[in-house]
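Comments concern the structure below.
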Amino acid sequence: MHSLWSLFCAGLLLVPQLCAAAAPQRVMSLNLCADQLLLALLPEQRIASLSWLSQTEGDPYWLTTAQRLPANHGTAEEVLAMHPDLVIAGAYTTGATRRLLARAGTPLLVLPPAQDWAGIRVVTRQVAAAVGESARGEQLLAQMDETLLQLQQHASGSPLRVIAWSGSGTDVPGRDTLFDAILTAAGAVNVGAAVAGRADFDLERLLQLRPQVLLRGAAYAATPSLRGEAVNHRVIRKLYAGAQLTYPEAVYGCGVPRAAQMALQLRQQLSAVRSLRSLP
Amino acid sequence: MSVSPRKRVVLAIAVLLALVMVSLLVGRVALPSNTLFTLWRSDADPLAVLIITELRLPRTVLALLVGAALGLSGAVLQGLTRNPLAEPGLLGVSSGAALGAVIAIHTGLSLVWPLATPLLGLAGAFGAALLTLTLGRGEGVLVLILAGAAVSGVMFAGTALALNLAPNPYAAYEISMWLMGSLADRSWDHVLLVAPFLVAGLLVLGGTGRALDALSLGEQQATSLGINLRSLRLQVLLGTALAVGAATAVAGAIGFIGLLAPHWVRPWVGHEPRRVLWPATVAGAALLLAADIGTRLLPFAQELKLGVLTVLVGTPFFVSLLLRLRRSAP
Amino acid sequence: MSLLQAQDVCLSLSARPVLQAVSVSAQGGEFIAVIGPNGAGKSTLLTVLAGLLAPDSGTVHLDAKPLAAYAPRDLARQRAYLPQNPRCDWPLPVERVVALGLTPGLPAFGGFPPADQLRIDAALQACDLQSRRQQPATTLSGGELARTMLARALVGDPAVLIVDEPIAGLDPRHALEAMRRLARLARDEQRLVIAAVHDLTLAMRYATRLWALRDGRLLADGPPATTLTAELLRELFDVAACVSGEGGSAYVDYV
């Protein structure tokens, strides 16, 4: 516990005064993953603003709540106009805004990415402490661990070969990703690990990997795109009729406790596919 | 030049066949070279059969069709404008087709109705060609080319606007990749969708030979020889919009094939526009298929986009052509 | 023997009257030189007579049939037209350029009938081009190019030949030669030849008739010997000139 506490303060080096200050009442998030953590940790009235992505691409579970709250596009002007007590941003985006805020002295927490269950625990505790809701954070993590334990105990049959694929040229998540962790927890094998990060990955290679189920990103599936056309290739239609699932990439890519819930859902979907269809 | 016409035909067929074989054998998944001859045996590897019949064969057919469309329309447009630097992109036809296709894809129309992509692509191509011919009417080649540049600009702006308004957050990235041109992961659906338009366009363009020949004496002499220039322009417009519109709708914008193919065959068949047409068609098909094979063979982690490769290879040729023209011009 | 008749032809280009009530008539065997200052409407008259431009009012008949009633290909078989400074935009061999004159008689696809090859050979010979057969037209000298274009016009055996400034830019020898050739075509082969000519001496020596145009009106129409007078030249060009000699040794001089 002590080591975690020091880790948390290290993460907050940018805003040392926070460790002592009272819990912030107007928290603003510039990042889709932070959006979801805040939605889980805080009552609505303490969230000043969420990133615009959470109104369309976020966890479907939180969508209606997110749409009620003010959205921002991650610009410094929006932040300054809001006068938030705390701003949470991602490590890879809104760089210019982050630099400006640091100079303006706005309290800022930079959210590190999480790549496994341990990472989720770290990130959740960090944010929970920053917003003064450590107890709520622990509660969420306990639920997560319980779900994971439940998944482990009811491991079923031989694992299905699964790949996340939204069309050629899209990201295929591989090993050491949260997606991989969720898939494994759901009792499946990520055959995409072999080709992860390879932009030359095309239909030929996909067929060669012989996945049994295709997972499509929900954002790709929901709106028309060229990738959508590639996924509708007649080979795919023929071989993977009834073996294609959509998944909310936003949750699979974010270090949030609800990831365990996602694993549970995925396992249910996979077993539905397995029972419906004799898989290749 | 000493090769007789019959031998030339045999040679062209041999080259095309060889390219088709290579195209069927080359891809991200390595297949043993005897695969082609064991495809119909019962013990054939089902993966290999699937890859060749459902992925590589339609891709190869599309490469030939698209290349033929670009080569022929390039030859016809060079004949019509009597300018060796003319190509389908010059009239704004490609960018018009791209705009139509982008609208079809990103409004979701193509999901509801698969014909939307080629049809809107064609509509865009027609609109652009019509606009170019109206703006650049009658005043000779330079005005036509300038009008084409203006129309291309408008079409590109329209494409950017369509992307701005697209509901999909990845649209801008996707379409900028798509505009580079590619035949990756195309299916028989695509072939069936565009082949009728494309072949119709080829036939319309193929009938312009005599008129283009006469036109090499200038518009007045051509008219005096009984050529109806207005209907010729309309025929070229219709054929180019059909062939190039369909090609662009399925493969994205691919530059330089239409420019290169006619020049490539002229040393063999001479400069008469009519005699350039069909050889340029075959040359366009062969060049594009070779380029597509090139994108699969070149050892880059990211598959090289077809349009990028044709431009990379085409530019040095273009420059040498410019230099030669400058030398021969007074 | 063909007969070309224009009756009260009026034509405006960009709201400017170019031809005003021009009536002319000519028949096979005549070599007509159209003379007049720049901008008099000579080229426009030739394009109207060739059927390339329809007049605003008035009619043009070829063999008693209005030009507008001819199918373009039928008209092309009977009359040939060469614009000013005709050129070929592609480096085609001379032989192929000449062959283009056969376009109106050819099917849309396929090669040349063997009989056509004979006509091409004859046209090449008539214009002294046998040695240039395979030379790209873009590399020819001015005189050679003019002969090539004339061969192109003659290969279809037209009854009417309309040529806009056939000797512009030619040196004296080639100019003489070209005029002689046109005169022969009219005299020996009974064709109707109409040519716009600026060289009045040559026009006087070789043409059988002159049409003098100024500001879109026909000022004179008749044989050179009686028509081309100092008064007409003053009226046409606003220059003082004297006309001396007659027939093959006539000449026009300016003072």
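Kirkwood radius, the range C:3-254, all distinct C-alpha pairs, inverse of mean reciprocal distance: 18.8 Å.
Helices that extend 27 Å or more along their long axis by alpha-carbon positions and average at least 1.6 on the Kyte-Doolittle scale are, among the DSSP H runs of chain B, B:5-25, B:116-135, B:141-165. Computed over the Cα atoms of the protein assembly as shown, pair by distinct pair, the Kirkwood hydrodynamic radius stands at 32.8 angstrom. Computed over the range A:10-159, the alpha-carbon pair-distance distribution with 5 angstrom bins reads 2, 9, 19, 21, 21, 13, 7, 4, 2, 2, 1, 0, each value a whole percent.
R0 = 45 Å: FRET efficiency of residue B:15 with residue A:272, Cβ-based, nearest 0.05? Write down the numbers at each step before the final one.
Details: r = 53 Å, r/R0 = 1.17.
With a Förster radius of 45 Å, E is 0.30.
Rounded to the nearest 0.05, what FRET efficiency do residue A:100 and residue B:164 give with R0 = 35 Å and r taken as the Cβ-Cβ distance? Could you check? E between residue A:100 and residue B:164, to the nearest 0.05, is 0.85. Note on the range C:137-254: antiparallel DSSP beta bridges, both residues inside, total approximately 65 percent of the bridges counted. Based on DSSP H runs of at least 4 residues, each adding -39500 (n - 2.57), what is the mean residue ellipticity at 222 nm of the protein assembly as shown after dividing by all its residues, to the nearest 500 deg cm²/dmol? Computed mean residue ellipticity for the protein assembly as shown: -16000 deg cm²/dmol.
Bridges between two residues of the protein assembly as shown, per DSSP, are antiparallel at a rate of about 40%. Under a Gaussian network description of chain B, with springs only between Cα atoms under 10 Å, the residue in B:224, B:73, B:42 that fluctuates furthest is B:42.
Taken over chain B, the alpha-carbon convex hull comes to 151 cubic angstrom per residue. Among C:62, C:106, C:170, the residue with the largest mean-square fluctuation in a Gaussian network model of chain C, with springs joining Cα atoms closer than 10 Å, is C:106.
Once the piece of chain linking residue B:229 and residue B:173 is laid out straight, how much longer is it, given 0.36 nm per residue of separation minus the C-alpha distance between them? Numbers along the way, then the final one.
Values: separation 56, 0.36 × 56 = 20.16 nm, distance 4.26 nm.
Result for the pair: 15.9 nm of gain on full extension.
For peptide B:222-231, the mean count of partner chain Cβ atoms within 10 Å of a residue's Cβ comes to 6.
Over the range B:5-328, calculate the relative contact order: mean separation of alpha carbon pairs under 8 Å at least 6 apart, over the residue count, as a percent.
Values: 533 pairs, mean separation 91.7, N = 324.
Once divided by the residue count of the range B:5-328, the mean separation gives 28 percent.
I'd like the antiparallel share, as a percent to the nearest 5, of DSSP beta bridges with both residues in the range C:3-254. Of the beta bridges lying entirely in the range C:3-254, close to 60 percent run antiparallel. Just checking the listed ones, B:98, B:48, B:162: in the Gaussian network model of chain B with Cα springs under 10 Å, the one fluctuating most is B:48. Between the alpha-carbon centres of the range C:5-67 and the range A:64-115 there is a gap of 81 Å.
Quick note: the coordinates plus some simple rules give every number you see, no bench work behind them. Given the structure is predicted, the values throughout are model-derived calculations rather than measurements. Please note: Cβ atoms are built from the backbone with ideal geometry, for glycine as well, and neighbour counts cover all protein chains shown.
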